[in-house]
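A short write-up of the structure that comes next.
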Amino acid sequence: MDWIKLYSRQRELDSFIQKNHQLENESLTDRKILAFQVELGELANETRCFKFWSHKKASPKEVILEEYVDGLHFLLSLGLEMDYTFNELEPGSICEDETRQFLSVYHAVSQFEKERDEAAFHHLFQSFLSLGEKLGFTRAEVMESYLAKNEVNHQRQDEGY
């Protein structure tokens, strides 16, 4: 994964948003953590992995991947805000099923929210990458989808989203 490219694209988007919404001097950490949690919930909802009461199947892979990269946008943004960036990162351990993997990410974001240190962020990011692998996404798919969604996000901001 070309993390430098992803961080660069995210930095451009974040700067544009902060300038256009007059947020240059404001900490957005709490809001970004909550936004990530919301995106994680939307992702879980599309996979339907926890919906034991329903026979309805998961959304198509493209929909799930788009929700995944929405979460990736906020993780990259958090890393930039807190100056926790990296050039390489591998997924952490992968749980036996999707539900446990989601719970692992929720636990990691809760720990990060409390500790706010680089080790907790690193663990959160690894856990999220493991979720992507558990969902069957390749690094190339994630990269391509992130870049496409980043363009959409730029366009939305240009249009006054």
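The values are calculated or read from the model by the stated rules, or taken from the named source; none is laboratory data. Fair warning: this is a prediction, and the values are worked out from it, not measured in the lab. Neighbour counts run over all protein chains shown; Cβ positions are idealised from the backbone, glycine included.
Quick notes
- Counted residues, segment 76-90 - those being assigned to a helix (DSSP H, G or I) and out of contact with any Phe, Trp or Tyr (no Cβ under 8 Å at 6 or more places or on another chain): 2
- Exactly one residue among GLN157, GLN126 is out of contact with any Phe, Trp or Tyr (no Cβ under 7 Å at 6 or more places or on another chain) and touching a residue at least 24 places away in the same chain (Cβ under 8 Å), and that residue is GLN126.
- Boolean, GLY136 is within 21 Å of LEU13 (Cβ to Cβ) and either touching a helix residue (DSSP H, G or I) at 6+ places or on another chain (Cβ under 9 Å) or surrounded by fewer than 18 Cβ atoms within 10 Å (Cβ to Cβ) (or both): no
- No other residue among LEU80, LEU89, LEU147 is on the phi < 0 side of the Ramachandran plot and modelled with pLDDT of 95 or more apart from LEU80.
- In segment 5-33, the residues that are farther than 15 Å from ASP83 by Cα reach residues that are part of a loop (DSSP other than H, G, I, E, B) and of a type outside the set (Val, Ile, Thr) with C-beta atoms within less than 7 angstrom, at least six apart or across chains, in these pairs: GLN18/GLU24.
A quick yes/no check of all residues on (1) touching an Asp or Glu at 6+ places or on another chain (Cβ under 7 Å); (2) outside any loop (DSSP other than H, G, I, E, B); (3) at pLDDT 95 or above; (4) within 20 Å of PHE125 (Cα to Cα):
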{"position": "ILE33", "(1), (2), (3), (4)": "yes, yes, yes, yes"}
{"position": "VAL38", "(1), (2), (3), (4)": "no, yes, yes, yes"}
{"position": "LEU43", "(1), (2), (3), (4)": "yes, yes, yes, yes"}
{"position": "PHE52", "(1), (2), (3), (4)": "no, no, yes, no"}
{"position": "SER59", "(1), (2), (3), (4)": "yes, no, yes, no"}
{"position": "GLU62", "(1), (2), (3), (4)": "no, yes, yes, no"}
{"position": "TYR68", "(1), (2), (3), (4)": "no, yes, yes, yes"}
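- Test: residue in segment 45-60 that is free of Cβ contacts under 8 Å to residues at least 12 places away in the same chain and either surrounded by 19 or more Cβ atoms within 10 Å (Cβ to Cβ) or within 21 Å of THR138 (Cβ to Cβ) (or both): yes
- For segment 14-31, the candidate set comprises residues that are of a type in the set (S, T, N, Q) and assigned to a helix (DSSP H, G or I); within that set, the residue that is nearest to GLU144 (Cα to Cα) is SER15.
- Of the residues making up segment 9-24, not a single one is out of contact with any His (no Cβ under 6 Å at 6 or more places or on another chain), loosely packed, with under 13 Cβ neighbours inside 10 Å and modelled with pLDDT of 95 or more.
- Some residue of segment 23-44 being over 22 Å from GLN157 (Cα atoms) and over 18 Å from the mean Cα position of the chain (by Cα): no
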